There are 4 protein chains.
Amino acid sequence: MTSSKLKMGMVGGGQGAFIGDVHRLSARLDGQIELVAGAFSRDAENSASTGRLLGLDPSRCYADFEQMMMAEAALPVESRMDFVAIVTPNHMHFPVAKAALEAGFHVLSDKPATLNLAEAIALRDIVEGSGKRFALTHTYLGYPLVGVARDLVARGEIGRVRKVFVEYIQGWLASEVDNKQAAWRSDPARSGPSGCMGDIGTHAHNLAEYVTGKQMTHVAADLSVFVPGRALDDDGSALFRMEDGIKGVLSASQVCVGKENSLSIRVYGETGGLEWHQEEPNTLLRTYADRPAEIIRSAQGYLPAFAADGYRTPPGHPEGYLEAFANVYLDFVQSIQEGRDVATGMAGAVRGMAFVEALVASSNNDSAWTEIDA
Amino acid sequence: MTSSKLKMGMVGGGQGAFIGDVHRLSARLDGQIELVAGAFSRDAENSASTGRLLGLDPSRCYADFEQMMMAEAALPVESRMDFVAIVTPNHMHFPVAKAALEAGFHVLSDKPATLNLAEAIALRDIVEGSGKRFALTHTYLGYPLVGVARDLVARGEIGRVRKVFVEYIQGWLASEVDNKQAAWRSDPARSGPSGCMGDIGTHAHNLAEYVTGKQMTHVAADLSVFVPGRALDDDGSALFRMEDGIKGVLSASQVCVGKENSLSIRVYGETGGLEWHQEEPNTLLRTYADRPAEIIRSAQGYLPAFAADGYRTPPGHPEGYLEAFANVYLDFVQSIQEGRDVATGMAGAVRGMAFVEALVASSNNDSAWTEIDA
Amino acid sequence: MTSSKLKMGMVGGGQGAFIGDVHRLSARLDGQIELVAGAFSRDAENSASTGRLLGLDPSRCYADFEQMMMAEAALPVESRMDFVAIVTPNHMHFPVAKAALEAGFHVLSDKPATLNLAEAIALRDIVEGSGKRFALTHTYLGYPLVGVARDLVARGEIGRVRKVFVEYIQGWLASEVDNKQAAWRSDPARSGPSGCMGDIGTHAHNLAEYVTGKQMTHVAADLSVFVPGRALDDDGSALFRMEDGIKGVLSASQVCVGKENSLSIRVYGETGGLEWHQEEPNTLLRTYADRPAEIIRSAQGYLPAFAADGYRTPPGHPEGYLEAFANVYLDFVQSIQEGRDVATGMAGAVRGMAFVEALVASSNNDSAWTEIDA
Amino acid sequence: MTSSKLKMGMVGGGQGAFIGDVHRLSARLDGQIELVAGAFSRDAENSASTGRLLGLDPSRCYADFEQMMMAEAALPVESRMDFVAIVTPNHMHFPVAKAALEAGFHVLSDKPATLNLAEAIALRDIVEGSGKRFALTHTYLGYPLVGVARDLVARGEIGRVRKVFVEYIQGWLASEVDNKQAAWRSDPARSGPSGCMGDIGTHAHNLAEYVTGKQMTHVAADLSVFVPGRALDDDGSALFRMEDGIKGVLSASQVCVGKENSLSIRVYGETGGLEWHQEEPNTLLRTYADRPAEIIRSAQGYLPAFAADGYRTPPGHPEGYLEAFANVYLDFVQSIQEGRDVATGMAGAVRGMAFVEALVASSNNDSAWTEIDA
């Protein structure tokens, strides 16, 4: 409608997909992004009808991402898409991102960035050579209180960090599940070397590194397949070590019956602690050695400005997952407009893949300590 | 962009306002509404610059709502606005709504609908005569679990209702506050006969009637002004009675230091109870006489379809205030498209004003029981 | 066993009673009290067998409290009982207390102290004339964090108090209940002029006065009988006013299905607030205008000494109802040993009865504001 | 006072000790146990004055446990002690228990039972040869809802167990602490091969085995010393495996600043889950795949009888640590009276020591999987 909005093309997200809708809702929320093109499905019919529902120009609904890159690149600058949002299963992330970057488009990709570490490193080189922005939807970093936690740690407010507990547990795969979401997640060809850990363990890893500001260096992991017939892990736990002597435990599971989307992190330093739970994202608990614990709340005036700015409504008006997701989009948009780095960029993408590969290697090697090499 | 979107004009919501942004975010979220016109401020400069920031056509940024109604009505059907969103201080709700309806536009208004009961009744007649839709932003009805609570009560799942506790407490006006939001809220000319009760007590009243499906008939109220110099109540509590022998207590306060936006309702019937808190809106507690209480959760497969449809993401992905607000918009949009009633329409608007007038009358009459006459 | 223990005689608490056991457990916990005599039941058989189970000397198990007073008073000082614990239904509180005091024994009585205000005033005179200690089991004052709340208010830490919410809701009488506990509670002759309010509303009243340090002066009440056939209220709510312009709401109910023993108080002053819930008694929430709320916890080193001394175990080892009850006993024991006042003495007893009578009068008079005259 | 009480002698628990008081409070609560003798301290003065404060016969206050065993054994059956409670630092547990059993007394010992596995096995043989009862204060098994959890698992209510999370974290040793409690806990000679894991990790291990009804077979552990100068671990985490393919994670820490006594367990089976937290011990959460989670509460009528009997007060009257501790004492008393096994007996004691030794071995061997051999 106005040329000040960034124009988005989307690959994936046809009818029947889940995450495509989430991307569209989040991209739309702040009025900074306009969806103008899509290769929503390899099924031309589906792609066209999805585009129709979304009010797209039919000529910009493609059945094929290569075609979309070519056609869009051929449009005049003022009308062609500015960036590509990739919302396909994992195995398509790399080829689409590569094609988009090489065609001159910024990329915002669902995570994980690629199917494996080798691809992630290749992608990093492509991004660096392209001069384009690349962002990964590490959605949970979009919650402003996660940034507050990181900030408190960075400013030494809890002392040198000693111990980290991070976990991400769900229950939706506790039995055999017969749907599109479940199907590709348990197929190594489309999901990569790990199921549960690749899908959600990577969020836990990313959160731990983000909040502490330190890298995880080694893992000793025990991955499991609890539901018979599954080719990839549906559960796992790992001991880990980070820089500066930090130790911790990471668990991810999709077979914890009744758990919804329970991502949480607890960080304890020499003089204090922090606890945050994704399902109650508007509260950050801060513990002290010799004073009452404090309940830090979203949108409050006492938050640092960068965090207060992350809220759209006053305290007590709960903001949730879509707002966090929209914050990731906003950061990406601003990184393009201001030519600066994104918070959820390529570095984390490579580290996430290295993390998954180290987990799998450790688990296959009797849980031996294994270096995360990235 | 596409003619399938409803076109919105907005009155109020210029820079420095709070609720205008909330409306725009919520209206935008689902991609069903397009903002095309605005009289954002009586200050032409402000109105124009607000429109510019929002990417509006400058010719459709008006300094005056009467002018907006006239100009828009003169546009061809396919481009003129479909409805007007009113986000001004209370005293402007009635004149703007009247003008919009008479010019042939549907109206979605911030609550309360009018400054007093007489206006509300007048507005009801205008709405009925207009053949247009009128919706009020009783935002909290937009939380799907509130609908689940209503449904459980209606289906007799907790037996005949006996007792209701409803309260809405905040702390932001515990001291003198010097800003735009606070200023008009404590000015009888702009806010109406009540401050706190008109502003937030009406939400509590509305929630109680919605969940129980019964009308509140009498109140015995004690309103207070705790902060010196304030012309309108900043706190109050009331005993109340509803149809069918239901009794209850309603409290609203803006001087409860440290409370954010704590709206809650608890309803107890002969065989069970329900508890819901706005600040944790994704949980509804159901209590039983002889079984463990149950934690009913948002987006779960066991919810009735009407409620499950109210969520945009799976369980454990918290949805909040903006999503509830967007649900109110969606209901309004669908009521227009399908020619059906809105959940938050004129009936509740009239009842809300009658409630406020009864409260004030009771409080001025030594808390005597006073009928809510509407 | 050792003469340093205080020797207790008990009236009431035979088999089938509930509160007698609670008294015995609590009196026993700290090893400062020895049960030596009892008139546990008017049924001589029951009284004797109860005493036998408790290991009492059969000669000191009486069927009749008058006989117990006489017989014990005739024993040598070093072996006769020091005080009488009264754990009968309400109508017996006064006659037993009178007899005990007149026979020269201290008294610890279950609450309410008497059946009505006139008796309470008469009892006060008897206590004052006797030179003996009288304590009432306002159990909830025995939770140390309640004392911390009172102390914070008294030291001005939340500013001048404005608003108090206090409630005590249960669900166990939501249907007709056919047992001993329920029977006397709903019988005016044994329970007094009020059922629910006399039984548990008085705790809420007592807590509000204790924490604020102010007297409740007026109530406007609406009492209900929800279960058909009941002679006394099983639910009620009241607006109230306290000294110094404090306003509030008090609710008590025994028909809130699924609620167990939910006593809570929230107090808001000019600069802060406090919230405490009996069912999670080891946490006191303190709210601020411009800082995160604090979670004050039991047994922590940062508590004032008087409160820290009220705990028997370190932080994180939950203490509950029996420990609070034992604290009331300890305070009573120390008041005897040190010749000082008890925290839960006659003044509160009289005020509690005046409160109940004012509630009933107000409720019978269309909820008119009624003075609490004591 | 009456011969139906069991007579207790205590070793340890002089002034300045913590756990001695807890034992005395818990043993006293139910009126089934009478303290008659003590060797409270190796300091004769301390032992005598502790006994004096407790009202003991001075001739039965010993400075030496060997002397106590001899002297008490020489008393007539009707007056000599029935059992010995051991509340010393860990290194004295074995010699005192051995002496007591050989002198013909039942033993209730603080945990861990001994300093190491070899001693534990030796003690088991002594217990078996003695015909006496031996109980360990695995206090947390005394919470009735822990028993409910075990019962639900045993009856297949959550399906075959897959994953267990158990942790016990505290913060009180986050800095150097200079007191009696801290001193012996970090001294290998008095505490055994492990600090934190021996002290509290064993509770977590015990809870996991108790609730699941399965044995932990292997651990891969990473123990840490975070506070410089400490000789024993103050933190640690372990992956573990149990019989029947169960996997899990166990963490224990005493350096998590601000945590009090946070023991929790979560167990997930094929069809459901259970969650319990010691700091809110009156609630057990039960999760389902396709129904709302349930809040199972203490003392409710819907609990199985064995659990309901574990409460002394009705629902909503919180019971805590001392009541759980008293339940352990009651079970011990009844095991003596009825000649049956105790819930917290020698088997768990041996397993606990084997667990600690396996942890230490694994941690010293690069966290290699290590069998728990007992």
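Observations
- Exam field: residue B:160 pseudo-label spacings to other copies (7 Å along Cα-Cβ), nanometres: 4.7, 5.2, 7.0
- Cα centroid separation, segment C:180-195 to segment A:350-373 (Å): 69 Å
- Considering only the protein assembly as shown, percent of DSSP beta bridges that pair antiparallel, nearest 5: 60 percent
- Charge tally around residue B:363: other residues with Cβ under 10 Å, Lys/Arg +1 each, Asp/Glu -1 each, net -3.
- Around the amide H of residue D:33, modelled in the peptide plane, lie the amide H atoms of D:6, all under 5 Å away and 5 or more residues distant in sequence or on another chain.
- Per residue, the average separation of C-alpha pairs within less than 8 Å and at least 6 apart gives segment D:177-306 a relative contact order of 15 percent.
- Among D:94, D:40, D:18: highest mean-square fluctuation, GNM of chain D, C-alpha pairs under 10 Å: D:18
- Considering only Cα atoms, the convex hull volume of segment C:167-309 works out to 142 Å³ per residue.
- Model label sites at residue D:128 and residue D:364, defined 7 Å from Cα along the beta-carbon direction, differ in position by 2.7 nm.
- Segment C:6-139: proportion of alpha-carbon pairs further apart than 23 angstrom, %: 25 percent
- In order along segment D:231-248, phi translates into HN-Hα couplings of 8, 10, 3, 10, 6, x, 9, 8, 6, 9, 10, 10, 3, 6, x, 6, 10, x Hz, rounded to whole numbers, per the Karplus curve 6.51 cos²θ - 1.76 cosθ + 1.60 with θ = phi - 60° and x for Gly and Pro.
- Value of [θ]222 nm, deg cm²/dmol, for the protein assembly as shown, DSSP H segments ≥ 4, -39500 (n - 2.57) each, nearest 500: -10000 deg cm²/dmol
- Taken over the alpha carbons of chain D as equal point scatterers, the Debye sum produces base-10 log I(q)/I(0) values at 0.13 Å⁻¹ of -1.07.
- Structural descriptor for chain D: relative contact order 19 percent, calculated from alpha carbon pairs under 8 angstrom and at least 6 residues apart.
- Peptide C:293-305 is shielded by partner chain Cβ atoms: per residue, an average of 4 of them sit within 10 Å of its Cβ.
- Per-peptide packing, taken as the mean over residues of other Cβ atoms within 10 Å, places B:210-217, A:304-311, B:77-84, C:144-151 in the sequence C:144-151, B:210-217, B:77-84, A:304-311 from highest down.
- Share antiparallel - DSSP beta bridges, chain C, percent rounded to 5: 60 percent
- Taking a sphere under 12 Å around the Cβ of residue A:338 and counting the other residues whose Cβ falls inside, with K and R at +1 and D and E at -1, yields a net charge of 0.
- For residue A:41, nonlocal amide neighbours, meaning residues 5 or more places apart or on other chains whose placed amide H falls under 5 Å from its own, are A:12, A:47.
- Using alpha carbons only: equivalent-ellipsoid semi-axes of the protein assembly as shown, gyration tensor based, whole Å: 58, 45, 24
- Residue mean of other protein chain beta carbons inside 10 Å, B:54-63: 2
- Derived scalar couplings ³J(HN,Hα) [segment A:196-210; Karplus, 6.51 cos²θ - 1.76 cosθ + 1.60; whole Hz; x for Gly, Pro]: 4, 5, x, 6, 10, x, 5, 5, 5, 4, 4, 5, 4, 5, 5
- By the rule of a C-alpha distance below 16 Å, with chain neighbours fewer than 8 residues away ignored, the aspartates and glutamates paired with residue D:98 are D:64, D:66, D:72, D:82, D:110, D:119, D:125, D:128.
- The count of lysine pairs in segment C:157-302 with alpha-carbon distances below 26 Å, taking only pairs 8 or more places apart or on different chains, stands at 6.
- HN-Hα J in Hz across segment B:20-26 - Karplus 6.51, -1.76, 1.60, θ = phi - 60°, x for Gly and Pro: x, 4, 4, 4, 5, 4, 5
- Sequence-separation-based contact order of segment A:242-335, relative, with Cα cut under 8 Å and 6+ spacing, percent: 14 percent
- Sorted from shortest to longest, the distances between the residue B:63 label points of this copy and the other copies are 5.6, 9.9, 10.0 nm, with each point 7 Å from Cα along the line through the beta carbon.
- Neighbours of residue A:63, meaning other residues whose beta-carbon lies under 11 angstrom from its beta-carbon, give a summed charge of -3 when Lys and Arg score +1 and Asp and Glu score -1.
Only the coordinates and a few stated rules stand behind these numbers; no lab work does. This is a predicted model, so every value here is computed, not measured. Because the Cβ atoms are built from the backbone with ideal geometry, glycine has one as well, and the counts that use them run over all protein chains shown.
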